[in-house]
Structure formats: structure tokens, C-alpha cells
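Beneath this line is the structure, given in C-alpha cells, with notes to follow.
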Amino acid sequence: MFFICYSQTVYGYSALKMNSVGEGCTELKREYDQCFNRWFAEKFLKGDRSGDPCTEMFKKYQHCVQKAIKEKDIPIDGVEFMGPNKEKRDR
Amino acid sequence: MVKYFACVGLLKSSWDQVCIAFWERYPNPYSNHVLTEDIIFRDVTPSNRLVSRRLLTKTNRAPRWMEKYLPVTMARHAYIIEDSIVDPQNRTMTTLTWNISHARMMSVEERCEYRINPDNTSWTEINREAWISSNLYGLSRAIQEFGLARFKTSVAKTMKGFEYVLAKMQGDTPSRTLTEQAAERARETALVAKEKAKGLASQAHKKHQYV
């Protein structure tokens, strides 16, 4: 079964991109990702602090995806950044 | 009770390339179980570190032997959060990934440190740790064994996925036999884990009449 899944993805593989959890947000996500990937490789990693050109795109994308997250009841609230199970990790 | 796992991985690409690939790793031939990907938080700190939160939806792949012990209403998709900090000055990236759904049944938390390989500065070393636990009465041991086995398979797929994406970025055509090898190894690992976990589960079921 794994083999069948693989050959299905091979056909259009180079054109495949991920979808957003919000069905209507995928285009906004892809536009933002493209902007971010370029900025990340060409500016951020090279120490260029001249600022993020993707903020407007990010805002539109976030507005869409946060709405979808609420509608689907995905439990992202109150989760501290890098936070869960701290006692487990500090050994 | 918590199962702990640690390993070191090596990618023969620069730290910069690996970080770029990190954001472009989906989809790849080894990530068919990953359904959606979203950045749900991102910021650059005053110390110029990039902090991000990524939300993933994955298929909830409970094996058939386990399904008969689980509630019928259990969701088919699992939600996972991945937090990351990229520090371009120190050339390190730290990630923390954990599931925010099905956590009582099984909780998997993974912490990774990506840094320049000390023996070869054009390569990247990944220090990976994972904690796997289950709180499900009577089935914890079986689920933890299953979880650990599946995690090890996932690590292999993750590394293959990275290598695939990095090869594409650098203009190489990834070898198809790599894919076939990975598939074979994944099948073998899954089979061994399945038998072991099945045995544990039926022992537990005999002891406690749960569900």
C-alpha cells in the first residue's frame, strides 16, 4: 500500500505544495511561504536586518488561518512557546 | 511512565541549507501522512532570532490491532505543534514538537538541536531527543512500545525527507532506490513493533476488562 501511495504522488510531484488547515487559506499560505523563503535565505541567514517584506502577506494569511483554527476547534490556546512538559525535559 | 529516546543524525549539507530545507520539507515522498502545514505564529526577537510556531495535521495511524481497544469516536486526524528558534549568529536551530490532540492516549514530544557538525563544518548535526508516554489505563505499555517504534520509523522518514529536499535544492535527482529502501525498512520495523505491541496489548486486555 505504501508503494501505491508513492507512485500516486510521483506524477505531479514537482508541482505539489502543502495545503493549509483552512481550505480557503491555501493560496494566501503559498504566497506568504514564497515571500518568507526568499527573505529567509537571502536576508535573514546572511545577517541582513533590514526588515521583513512579508508582514502584509502574513497578516492576511493569519487572519484566514486563525479563523479556520477556531472553526475547527483546534486546541492551540494557552500553549506556552517551547513550553510543554518542562519538568520532563530538564533532567 | 515515560519512554526516552535519543539519537544523533547527520546531514551532508550546510547548516544554512538545512534551515532553508526545514521550511520547505513538506511535501516529500516520506510525508504522505502529513496533510496540512501552517505557520500560526512568527516573530524576530530583539536579539535577531526567528521564533515560529507551525501547526501540522497528520493522519492518525492507529494499527488495526489497537483500533479495537480505542473509542469508536476517536478523531482520524491528529494535530501537532512545532516550535522553533533559529539563531543565525550562533548558527543553531532548536525545535520542539508535540501532539496537542490524543495526548492522553499517547503523548510524543521531540526536541532537536541543529548545529554545524564539529568534524566537518559543511555538514549539519541533529541531536534528537524524544519522550513518549501514555496514560490509557491498562494499555500504556503497549501504546508506549508502539509509539516508540513508530517514532523511530518517523525519524528515518524525516531524515530521508530532508535528504530528498536538500538534493532537489542542490539540483541533484534523488535516487528512486533510496525511496524503495526506506519503504522496505519502514515496513520491517513496523512489523516487528506490531507483533511486540500486539502481545503486550492482549496481556493487558486479559488483566483488565477495559472498553
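Output the strands (runs of 3 or more DSSP E) that fall wholly within the range B:77-119 and possess 1 or more residues being acidic (Asp, Glu), or say none. Let's see the steps before the verdict.
Values: elements: B:77-87, B:92-99, B:107-116.
In the range B:77-119, B:77-87, B:107-116 are the strands (runs of 3 or more DSSP E) which contain 1 or more residues that are acidic (Asp, Glu).
Go through the range A:20-51 residue by residue and tally those that are within 7 Å of chain B (Cβ to nearest Cβ) and more than 18 Å from B:Asp16 (Cα to Cα).
Number satisfying all stated conditions: 3.
For the range B:106-120, does any single residue satisfy the condition of being closer than 21 Å to B:Ala6 by Cβ, β-branched (Val, Ile, Thr) and either modelled with pLDDT of 85 or more or crowded, with 19+ Cβ neighbours inside 10 Å (or both)?
Within the range B:106-120, the subset closer than 21 Å to B:Ala6 by Cβ is B:106-119.
Narrowing further to those that are β-branched (Val, Ile, Thr): B:108, B:116.
Now restrict to residues that are either modelled with pLDDT of 85 or more or crowded, with 19+ Cβ neighbours inside 10 Å (or both): B:108, B:116.
Yes, there is a match, as at least one residue in the range B:106-120 is closer than 21 Å to B:Ala6 by Cβ, β-branched (Val, Ile, Thr) and either modelled with pLDDT of 85 or more or crowded, with 19+ Cβ neighbours inside 10 Å (or both).
Given (1) over 30 Å from B:Tyr69 (Cα atoms); (2) modelled with pLDDT of 95 or more; (3) not hydrophobic (A, V, I, L, M, F, W, C), identify the lone condition not met by B:Pro174.
The one condition B:Pro174 does not meet is (2).
Name, by its number, the condition in (1) under 30 Å from A:Lys59 (Cα atoms); (2) surrounded by 20 or more Cβ atoms within 10 Å (Cβ to Cβ) that does not hold for B:Lys58.
Only one criterion in (1) under 30 Å from A:Lys59 (Cα atoms); (2) surrounded by 20 or more Cβ atoms within 10 Å (Cβ to Cβ) is unmet by B:Lys58, namely (2).
Any residue in the range B:2-22 that's within 14 Å of B:Met169 (Cα to Cα): show its pairings with residues that are at pLDDT 95 or above and of a type in the set (Gly, Ala, Ser) at Cβ separation under 6 Å, as long as the two are six or more apart or on different chains.
Close Cβ pairs (under 6 Å, with a partner that is at pLDDT 95 or above and of a type in the set (Gly, Ala, Ser)) amount to B:Ser14/B:Ser122; B:Ile20/A:Ala41.
Would you be able to tell me the number of residues in the range B:36-45 that are more than 7 Å from chain A (Cβ to nearest Cβ) and under 21 Å from the mean Cα position of the chain (by Cα)?
Residues flagged as more than 7 Å from chain A (Cβ to nearest Cβ) and under 21 Å from the mean Cα position of the chain (by Cα) within the range B:36-45 amount to 2.
Can you find even one residue in the range B:71-85 that is crowded, with 17+ Cβ neighbours inside 10 Å, without any contact (Cβ under 8 Å) to a residue 24 or more places away in the chain, more than 27 Å from B:Gln203 (Cα to Cα) and in contact with a helix residue (DSSP H, G or I) (Cβ under 8 Å, 6 or more places away or on another chain)?
Narrowing the range B:71-85 to residues crowded, with 17+ Cβ neighbours inside 10 Å: B:78-84.
Still in the running and without any contact (Cβ under 8 Å) to a residue 24 or more places away in the chain: none.
No - not one qualifying residue is present in the range B:71-85.
Which is at positive phi and either more than 7 Å from chain A (Cβ to nearest Cβ) or not in a strand (DSSP E or B) (or both), of B:Asn28, B:Asn48?
Exactly one residue qualifies, and that residue is B:Asn48.
Does B:Tyr4 fit the bill of being part of a strand (DSSP E or B), within 11 Å of chain A (Cβ to nearest Cβ) and either out of contact with any Ser or Thr (no Cβ under 6 Å at 6 or more places or on another chain) or over 23 Å from B:His102 (Cα atoms) (or both)? Even if it seems obvious, please write down each step before you answer.
Values: part of a strand (DSSP E or B): yes; within 11 Å of chain A (Cβ to nearest Cβ): yes; either out of contact with any Ser or Thr (no Cβ under 6 Å at 6 or more places or on another chain) or over 23 Å from B:His102 (Cα atoms) (or both): yes.
Yes, satisfied.
Only residues that are modelled with pLDDT of 95 or more and more than 10 Å from chain A (Cβ to nearest Cβ): list them for the range B:73-96, please.
Scanning the range B:73-96 gives B:Ile80, B:Glu82, B:Asp87, B:Asn90, B:Thr92, B:Met93.
The values are calculated or read from the model by the stated rules, or taken from the named source; none is laboratory data. Note that the structure is predicted; figures quoted are calculated from it, not measured. Ideal geometry is used to build each Cβ from the backbone, glycine not excepted, and the neighbour counts take in all protein chains shown.
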